[in-house]
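Single-structure report; data block below.
The values are calculated or read from the model by the stated rules, or taken from the named source; none is laboratory data. The structure presented is a predicted model; accordingly, all values stated were derived computationally and were not measured. With ideal geometry, Cβ positions are generated from the backbone for all residues, glycine too; neighbour counts draw on all protein chains shown.
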Amino acid sequence: MEMVNVTINGISVAVPKGSTVLDAAKQIGIDIPTLCYLKEINEIGACRICLVEVQELRGATLGPKRMVTSCVYPVTEGMVVTTNSPAITASRKMNLELLLSNHNKECLSCVRSTTCELQRLCQEYGVNENRFKGAVTESGLDLSSPAIVRDGSKCILCRRCVAACRNMQGIGVIGANNRGFDTVIGTAMDGTQASTSCINCGQCIVACPTGALTERDDTDKVFEALGDPTKKVYICIAPSVRAQIGECFGYEPGTDVEGKMVAAVRRLGFDGVFDMNVTADLTIVEEANELLGRLNNNGVLPMITSCSPGWIKYCEHYFPEMTENLSTCKSPQQMFGALMKTYFAEKEGIDPEDIFFVSAIPCTAKKFEVGRPDQSAAGVPDVDVAITTRELGRMINRAGINFKALADERFDTPFSRGSGAGIIFGATGGVMEAALRYAAEVILDKKLESVEFPEVRGVEGVKLAAYKLGDLEVKVAVASGTKNAKELLERVKSGELDVQFIEIMGCPGGCVNGGGQPYQPASVRNSIDLRAVRAAVLYKADAATDLRKSQDNAEVMALYREFLGAPNSHKAHEILHTSYIKRGL
Amino acid sequence: MIEKISSVAALNAAREAHINDVAMRVGTNAAVGKIRKHILICGGTGCTSSGSTVLRTALEAELAAKGIADEIKIVTTGCFGLCALGPIVIVYPEGTFYSMVKVEDIAEIVESHLIGGTVVERLEYREKGNHTVTSLNDMTFYKKQQRVALHNCGVIDPENITEYIARDGYQALAKVLTSMTREDVVQCMLDSGLRGRGGAGFPTGLKWKFAMGSTGKKYVACNADEGDPGAFMDRSVLEGDPHALIEAMAIAGFAIGADEGYVYVRAEYPIAIQRLQIAIDQAKEAGLLGENILGTGFNFNMSLRFGAGAFVCGEETALMTSIEGNRGEPRPRPPFPAVKGLFGKPTVLNNVETYANIPQIILKGPQWFSSMGTEKSKGTKVFALGGKITNTGLVEVPMGTTLREVIEEIGGGIPNGKKFKAAQTGGPSGGCIPAHLIDTPIDYDNLIAIGSMMGSGGLIVMDEDNCMVDIARFFLEFTVDESCGKCTPCRIGTRRLLEILDKIIAGNGEMEDLDRLEELSNYIKSASLCGLGQTAPNPVLSTLRYFRDEYVAHIVDKKCPAGVCKKLTNYTIVKDQCIGCGVCAKQCPVGAISRTDYVAPGKKLAAMEIDPAKCVKCGACVASCRFKAIVKG
Amino acid sequence: MKKKPTTVAFRGTKEQEEKLLAVIEKHKDEMGKMMPILQEAQEIYGYLPIEVQKIIARETGVSLEEIYGIISFYAQFKLNPDGEVAIAVCLGTACYVKGAGELIEAIEQELSITSGSTSADGKFSLEATRCIGACGLAPVLTVNGEVYGRLTKKDIPGILAKYKA
């Protein structure tokens, strides 16, 4: 690799040619602040906070000092960089002062207080809030969406959300409107978020450095139910939550805190704390049987997974002609709710009306999913409230629970333990692998020697694999992120690609990188691949368990035995399956 | 029907065939057939606005009526430059210069001049001192000018390719295609010292050299999105000599290895667009655009893209983003357009005036060009003279001409006996040059040194009635409106600057505001993403530098010395001078003027007075008072 | 510069839509197609209401928001139809220093509308434009494209009277 020699703050360093000044500085432990920059997603040099002074060689001598945007400016041989002169500090301070002059400074109660990247910089630079008081940009507060709240008054126009929505997800329901001081991030004709084809994936939220984009906070509804003596309040927790909620309490990304999480949630006062992995296993049994049915009966193929509500809405808007390809299985969350208000209510002798069922998930789209039609097995909504990992973290903090000090506890029965196959649902390729573990045994009619399918693992946007199972060749595809999904589906539609089973997750990397996951600042996002680090937790837990296949989950088998009958039975269909809407654009 | 020109020999033959079509206008009189006079009507936007199109219709009708339609050739040309006096009509071979011609005058011109041979004196242009000028070369307005970029403007019919060819058109393209290498062409540009006429003054040859070094598909682009308020240099070239642009872009295409060109032109320039489109169509028909040009194997095609009213699209990366079909927001450089430009391909982008120089540089040689101008600024520069100046219009002078020569001689000075106060160059990116620097020779570096810049060539003259704080505010308001909103310093910073100026103009300024203006201005200059933001504070900084006393007067004395800022201007009646006629009270739209009990010595009626609480400071009273009894200040 | 959505009901015809579809078809495979499509769409309809934006989004596959982002960026694109009598006052430098601001005030008073809007009956619209290049005639305004130059505010009632009938 060709190297370039540069001097940064007096320290010499050789970095690969083509590196940016920001990367070069990072190599020697110098952090340059950024706001708009998200590596490979948003490289637009717009916020100007990362300006540094450089001098470049002109012939044999150094040229004049110039301010350049370190996030996108490439290093050149012999370059001399200063990242923190008084002039630079003054420049950054002025930049922040200007941002604050056009900012809704209700920082004390802002949900992003302490995780806000702007707040942190203002504090570091000791910014005067009031020197440039003046007009503020006319912008709105959009509460129309069940999942996403957009507050223009806190927006700093870094456009990370736009890049996430348009470039990364290929959707583009939000973007910059108007120009100059009137520029706002908004929807077409400045309409409501709910009126768009937004899929509620929440990638805009995790990209946002401030409180301009947040999930709709439903924690008050949960606290209210918890305080209501007439309600039995239960919660189930999705596979990915345990891998990430630690980040809300200062753990490094990639720390599994399942035991403490269960203990903390129990202390919030729930009547039962359950593991959504169980219905992940149930989903596998239902979905794999649905696939086998379609394969055997000339059903619509390829069949596509349906656990990601962001993906479902995407399919309904952008590929309405392919909704028949979607598995009719409800998502694990909705299956769980449906069982709680049928099987569990019956078993415990509780009126389903008196059950308040909460799911904790890494996903904002689940907030939309709970309100979908055909998701009320007992005549009442299967799930009452879906809260994100972040909201669950906030509830634990608000309740004064010292998370780190808790001893590990276990989930409650009858939904206390999922298989490794259920655990890996949270990573892209996980559902596929879990399904393969099931389908392979059914088709081959013998125990698998190895349960791992490494071809479908990893963070690539689109993965293809083919497996020879006896006489049958099963061709599968996995995509995560809707832009990748679109690319994959176009290939399928054109006939270029022939597959029978497709797993699609709305968020790049799957649920571990969901829109409801804990905030990580750009400095972290730019230096580690959160998708891979978080997924590793799930694969590690899977490898460590002796229960690795959904079909071996005793609690799931008990469900069929006691209540559902056989997979894909009439009863299973009534309770565990759903239907879709051809929304179009 | 345009004949196909598929070789250099054919081009030369076309030139010979048509050279006499234009001879009468360029002093090498040679009558063609029965035609004994050419009558030129300016068809630039200025003169079209003042009615030159109907003149032509009337003239055609009159000539036909008198039966001399075949003796007189009517030519609609591009801009003559002296827009203030439009519509302008010139009669050749004598070169009689008629100004402000009306339809009603046509019959007389035909009868007296074209038939009778007697010039219509009352329509002839008169210079100061009532001296009648009989021909162009006689006029002070033209004498000091040197027309290179404009050399065909006002001479040829821009809608007729043969007139361009008759004036050596496409000879430069023929020369590069048949006798020069790409490297030769670039070297020629480097040697000429030509720098970009669009604003920043980057050496054109260097730009071409960078792009030449890149490989693969490339583009040539032209910035014709002239957006500076008060600037219309590029428009005049497009309207008056569109083929020069086409020829130059083809030359650039040859030099860098591009076969496709885009012209990004303001949609607000309908005449320019129409003529350029006609020119492109004619060049295609003649085979001077398209495949295998002049039989040399060189291919070059051109298309137009229209700007949609965003000043920032004059910035090169924003312009390309706009052509690509997006919001016209600039992007960071590097990568520079020469490496990664339009549609991600290496691109050379120059502005219209830059291109207009190129065919002549090729034909006459780089030394010819570099012999004009100053050490680091070669050639000529076109300026759009506007504001408080007698000869509003378009002038082209060698670099190094002083502001005084442009304003006092060519421009005819300040009208109404007012005093020159400042000249603003470079539009919203430039600065205000005070009277004591009027002898500064104009070139890129001198203008930067005194806090302004060349910009695209707007030159707005201001007199004692202009308030410099108000002027700074005007330009800043423009930039605030035109900021794309992408980067923080420009989006929020310029708005805050404007708010501080508003505060000062409203009489609420404090002295600390001046420091704040300076600090913020310097920040915006150093931190903005593109040239728009980086130069936006110049009007503020330059007025602060040269007219600080006016700011101080607004802040400390709460007065606007020029009487422009309404909140800081008061109108009072000097009672001893008032004869009490009451005309002012009748003119006052808000009834703020009433009669007092005071009768001034020697006057018969009681004096009037203005109620400052009611006064809206419209100035109607001052204009109505014949006794100069009302003062503002 | 913030554009206001129109309150005037959309009256697009089948014929206009056919023209628009032809325009989109013509530019479909061009690089940088969106600007010419929007410009020609505006020529067809006179403005770019949401109904037109939706057709363009549907036919080009570009997101509706992206299209609106472009429309709201450029001054040329209109969300409101012009009045039958469209008045534009040049606010270029030359016109400004010669009193174009007063012309706008006079028109606003005379017609009871504000710059950038259309009168309630759809008859008059007023806008301030950037330099139209007629600096020699400053200050100037145009009414339905016809240029009036060397004006003072006293000329305004007379000019407007011609169009009021």
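For (1) over 18 Å from B:Ala166 (Cβ atoms); (2) in contact with a Lys or Arg (Cβ under 8 Å, 6 or more places away or on another chain), each residue gets a yes or a no:
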| position | (1), (2) |
| --- | --- |
| B:Ile35 | no, yes |
| B:Ala58 | yes, no |
| B:Ala61 | yes, no |
| B:Ala65 | yes, no |
| B:Ile74 | no, yes |
| B:Thr77 | no, no |
| B:Val91 | yes, yes |
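For the stretch B:135-172, which positions are charged (D, E, K, R), in contact with a Ser or Thr (Cβ under 8 Å, 6 or more places away or on another chain) and surrounded by fewer than 20 Cβ atoms within 10 Å (Cβ to Cβ)?
B:Lys144, B:Arg147, B:Glu159
It is to be established whether one or more residues within the stretch B:242-264 are within 14 Å of another protein chain (Cβ to nearest Cβ), at pLDDT below 95, closer than 28 Å to B:Val148 by Cβ and surrounded by 20 or more Cβ atoms within 10 Å (Cβ to Cβ).
Our first condition is that a residue be within 14 Å of another protein chain (Cβ to nearest Cβ); within the stretch B:242-264, this holds for B:260-264.
Right, trim to at pLDDT below 95 and you get none.
Among the residues of the stretch B:242-264, not one is within 14 Å of another protein chain (Cβ to nearest Cβ), at pLDDT below 95, closer than 28 Å to B:Val148 by Cβ and surrounded by 20 or more Cβ atoms within 10 Å (Cβ to Cβ), which makes the answer no.
Take the conditions (1) surrounded by 19 or more Cβ atoms within 10 Å (Cβ to Cβ); (2) out of contact with any Phe, Trp or Tyr (no Cβ under 6 Å at 6 or more places or on another chain); (3) within 13 Å of chain B (Cβ to nearest Cβ); A:Glu43 misses just one of them, which is (1).
Within the stretch B:304-319, being buried (at least 22 other Cβ atoms within 10 Å of the Cβ), of a type in the set (A, V, I, L, M) and out of contact with any Cys (no Cβ under 9 Å at 6 or more places or on another chain) holds for one residue alone: B:Ala308.
The criterion of being of a type in the set (Lys, Arg) and either surrounded by 24 or more Cβ atoms within 10 Å (Cβ to Cβ) or assigned to a helix (DSSP H, G or I) (or both) holds for B:Lys175. Being in contact (Cβ under 8 Å) with a residue 24 or more places away in the chain and under 21 Å from B:Leu520 (Cβ atoms) is a property that holds for B:Val469. For first residues located in the stretch B:485-496 and more than 7 Å from every other protein chain (Cβ to nearest Cβ), partners that are polar (S, T, N, Q) and part of a helix (DSSP H, G or I) and lie 6+ apart or on another chain with Cβ distances below 6 Å form the pairs B:Thr494/B:Thr479.
A:Gly134: within 14 Å of chain B (Cβ to nearest Cβ) and surrounded by 18 or more Cβ atoms within 10 Å (Cβ to Cβ), yes or no? Judged against the criteria, A:Gly134 is not a match.
Every residue in the stretch C:145-165 that is aromatic (Phe, Trp, Tyr), part of a helix (DSSP H, G or I) and closer than 17 Å to C:Ala100 by Cα, please. Step through it out loud before you land on a result.
Residues of the stretch C:145-165 aromatic (Phe, Trp, Tyr): C:148, C:163.
Still in the list and also part of a helix (DSSP H, G or I): C:163.
Scanning the stretch C:145-165 gives no hits.
Would you pick out the residues in the stretch B:304-329 that are more than 9 Å from chain C (Cβ to nearest Cβ), in contact with a helix residue (DSSP H, G or I) (Cβ under 9 Å, 6 or more places away or on another chain) and not hydrophobic (A, V, I, L, M, F, W, C)? Within the stretch B:304-329, B:Gly314, B:Glu315, B:Glu316, B:Thr321 qualify. For the stretch B:53-90, residues that are part of a helix (DSSP H, G or I), within 14 Å of chain C (Cβ to nearest Cβ) and modelled with pLDDT of 90 or more total 2. Against the numbered list (1) without any contact (Cβ under 8 Å) to a residue 40 or more places away in the chain; (2) more than 8 Å from every other protein chain (Cβ to nearest Cβ), A:Gly172 comes up short only at (2).
Looking for whichever is within 14 Å of another protein chain (Cβ to nearest Cβ) and farther than 30 Å from B:Gln424 by Cα here; the options are B:Tyr219, B:Tyr269. Which one fits? Quick ask: steps written out before the conclusion?
Working: B:Tyr269 fails: farther than 30 Å from B:Gln424 by Cα.
Sole residue among the options that is within 14 Å of another protein chain (Cβ to nearest Cβ) and farther than 30 Å from B:Gln424 by Cα: B:Tyr219.
For the subset of the stretch B:294-303 comprising residues that are surrounded by fewer than 21 Cβ atoms within 10 Å (Cβ to Cβ) and assigned to a strand (DSSP E or B), which member is farthest from the other protein chains (Cβ to nearest Cβ)? Top of the filtered list is B:Phe298. Could you list all residues from the stretch A:114-129 that are part of a loop (DSSP other than H, G, I, E, B) and free of Cβ contacts under 8 Å to residues at least 24 places away in the same chain? Of everything in the stretch A:114-129, just one residue is part of a loop (DSSP other than H, G, I, E, B) and free of Cβ contacts under 8 Å to residues at least 24 places away in the same chain, namely A:Thr114.
Looking only at the stretch B:606-633, which residues are under 24 Å from B:Gly507 (Cβ atoms), surrounded by 14 or more Cβ atoms within 10 Å (Cβ to Cβ) and out of contact with any helix residue (DSSP H, G or I) (no Cβ under 6 Å at 6 or more places or on another chain)? Spell out how you get there, then give the answer.
Keep residues of the stretch B:606-633 that are under 24 Å from B:Gly507 (Cβ atoms), which gives B:609-622, B:630-633.
Add one more test, that the residue is surrounded by 14 or more Cβ atoms within 10 Å (Cβ to Cβ), and what stays is B:609-610, B:615, B:617-622, B:630-632.
Correct list: B:Glu609, B:Ile610, B:Cys615, B:Cys618, B:Gly619, B:Val622, B:Val631, B:Lys632.
The listed residues are A:Leu559, A:Leu585, and the only one of them that is touching a residue at least 40 places away in the same chain (Cβ under 8 Å) and not assigned by TED's automatic domain parsing to the domain that holds A:Ser331 turns out to be A:Leu585.
Of everything in the stretch B:429-484 that's under 23 Å from B:Glu408 (Cβ atoms) and among the β-branched types (Val, Ile, Thr), which residue is nearest to the other protein chains (Cβ to nearest Cβ)? In this case the residue turns out to be B:Ile460. Can you confirm whether the stretch A:146-164 contains a residue that is more than 17 Å from A:His103 (Cβ to Cβ), out of contact with any Cys (no Cβ under 7 Å at 6 or more places or on another chain), at pLDDT 95 or above and within 14 Å of chain B (Cβ to nearest Cβ)? Yes, the conditions are met somewhere in the stretch A:146-164.
Listed by first and then second residue, the pairs with beta-carbon distance under 6 Å, at least 6 apart or on different chains, first residue in the stretch A:75-89 and at positive phi, second part of a strand (DSSP E or B) and of a type in the set (A, V, I, L, M), are A:Gly78/A:Leu57. Filtering the stretch B:506-530 to residues that are surrounded by fewer than 22 Cβ atoms within 10 Å (Cβ to Cβ) and away from chain A (no Cβ under 14 Å) leaves B:Gly507, B:Met511, B:Leu514. Residue pairs whose Cβ atoms lie under 6 Å apart, separated by 6 or more positions or on different chains, with the first residue in the stretch B:321-332 and assigned by TED's automatic domain parsing to the domain that holds B:Arg305 and acidic (Asp, Glu) and the second surrounded by fewer than 24 Cβ atoms within 10 Å (Cβ to Cβ) and part of a loop (DSSP other than H, G, I, E, B), are B:Glu324/C:Gly32. Filtering the stretch A:5-35 to residues that are more than 25 Å from A:Val206 (Cα to Cα) and in a strand (DSSP E or B) leaves A:Asn5, A:Val6, A:Thr7, A:Ile8, A:Ile11, A:Ser12, A:Val13, A:Ala14, A:Val15, A:Pro16.
Would you pick out the residues in the stretch C:26-46 that are without any contact (Cβ under 8 Å) to a residue 24 or more places away in the chain and over 19 Å from the mean Cα position of the chain (by Cα)? Before you say what the answer is, go through the steps one by one.
As a first pass, look at the stretch C:26-46 and keep what is without any contact (Cβ under 8 Å) to a residue 24 or more places away in the chain: C:26-27, C:29-32, C:36-37, C:40-41, C:43.
Matches in the stretch C:26-46: C:Lys26, C:His27, C:Asp29, C:Glu30, C:Met31, C:Gly32.
Counting only residues that are over 26 Å from B:Thr321 (Cβ atoms) and within 12 Å of chain B (Cβ to nearest Cβ), give me the helices (runs of 4 or more DSSP H) lying completely in the stretch C:1-117 with at least 2 of them. Walk me through how you get there before you give the answer.
On the way: elements: C:14-27, C:34-45, C:50-60, C:64-73, C:93-97, C:100-111.
Output list reads C:93-97, C:100-111.
All of A:Glu40, A:Glu53 fail the test of being under 28 Å from A:Leu157 (Cα atoms) and modelled with pLDDT under 95, apart from A:Glu40. The one condition from (1) away from chain C (no Cβ under 14 Å); (2) surrounded by 15 or more Cβ atoms within 10 Å (Cβ to Cβ) that B:Lys34 does not meet is (2).
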